[in-house]
Each structure stands twice: as C-alpha cells, then as structure tokens.
Amino acid sequence: MSFSAEFLLAKSPGELDLVLGEVLLADGFGAKDPSDSEKRAAARRWFQANLAGFRALICGNTAVKLALSSDNRDRNSLLSALIDVLGSQYGMTVPVTALSAQIVHYGVDKLCPSLGSATE
C-alpha cells in the first residue's frame, strides 16, 4: 500500500485511521472483515499507545527541527523528515507515510511542545 505525500496530507485524520487500521487488523483471524469503526478504533488505540515512541524518535531529530523552523514551515518537508525518522522503527508495522501524515495532523508541536515553543 503506497500513497503520495499530497494524497495523504489531504486526508482527514479519520481517513488515515482507516488506512492504518486496515493494516493493523489485516492479520486478524475473524469470521468477517473488520468494520470501518473497528479499523478507526484500532488505529487510534495503536497511535495513542505509541506516542512515547514517536516522541522519542521525533522530538530531538535535526531534520524535523529544520522542517519546523520559522523560515521553512513546509508540510511536505516535515512529512519527508517524519517518514525518514519513523521508517526504520515502524515501517514494518504500518504504512509509514500514512503514519507520518497522521502525526502532521496530530501536530508535531503538540507531540513535542519544546519544539513548538522553540520555533515561535
């Protein structure tokens, strides 16, 4: 499952939850396919459970800091930096481009409050 940056950044958080949830529940052994609400719920639980891991990888990263600098606040640069940072840790679990877009929607400033205050 591969998506372009523009395509993913245009998606709502709920739509990205569907993409993530679909992958997270793909190996489930159920009698029926999970519903969209089950996919969204699984994605939200997984995202919340991994916030500390995201924070550890993202908040001190130089490329992310550069993408967030007041001179360079570009969503595509930020998405690219997040994909690079998260790829090795989460690339085998979920589509890292969708995860990175979800983090852009969530807010890197919210995830890493020290970065938000440092760039304003």
Check: Separation between the His105 and Ala26 pseudo-spin-labels, each 7 Å from Cα along Cα→Cβ, expressed in nm?
Finding: 1.9 nm
Notebook entry, point to check: Does segment 51-109 come out rounded, prolate or oblate, given a ≥ b ≥ c as the square roots of the eigenvalues of its C-alpha gyration tensor, rounded meaning a/c under 1.5 and, failing that, prolate meaning a/b above b/c?
Noted result: prolate
Item checked: Spin-label pair Ser80/Glu38, simplified geometry with 7 Å Cα→Cβ offset, distance in nm -> 4.0 nm
Note to self: Sort 97-105, 34-42, 76-84 by the packing proxy (mean of other Cβ within 10 Å over each peptide's residues), most packed first.
What the structure shows: 97-105, 76-84, 34-42
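FRET efficiency for Ala10 and Ala49, Cβ-Cβ distance as r, R0 = 35 Å, nearest 0.05? Each step should come with its number before you reach the end.
Details: r = 26 Å, r/R0 = 0.75.
It comes to 0.85.
Where does each of 7-20, 45-58 land if you order them by average Cβ count within 10 Å, highest first? Mind dumping the intermediate values first?
Working: 7-20: 17.4, 45-58: 14.8.
The packing order, highest mean first, is 7-20, 45-58.
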Next item on the list: Please give the per residue accessible area of segment 15-93, computed with a probe of 1.4 Å over protein heavy atoms only, in Å².
Entry: 61 Å²
Margin query: Run lengths n ≥ 4 of DSSP H only: what is the helix-derived mean residue ellipticity at 222 nm for the chain, with -39500 (n - 2.57) per run over all residues, to the nearest 500?
Written below: -19500 deg cm²/dmol
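The values are calculated or read from the model by the stated rules, or taken from the named source; none is laboratory data. What you see is a predicted model, and the numbers here were worked out from it, not measured in a lab. Please note: Cβ atoms are built from the backbone with ideal geometry, for glycine as well, and neighbour counts cover all protein chains shown. For accessibility, only protein heavy atoms count, side chains too; no ligands or nucleic acids. Shrake-Rupley method; radii C 1.70, N 1.55, O 1.52, S 1.80 Å.
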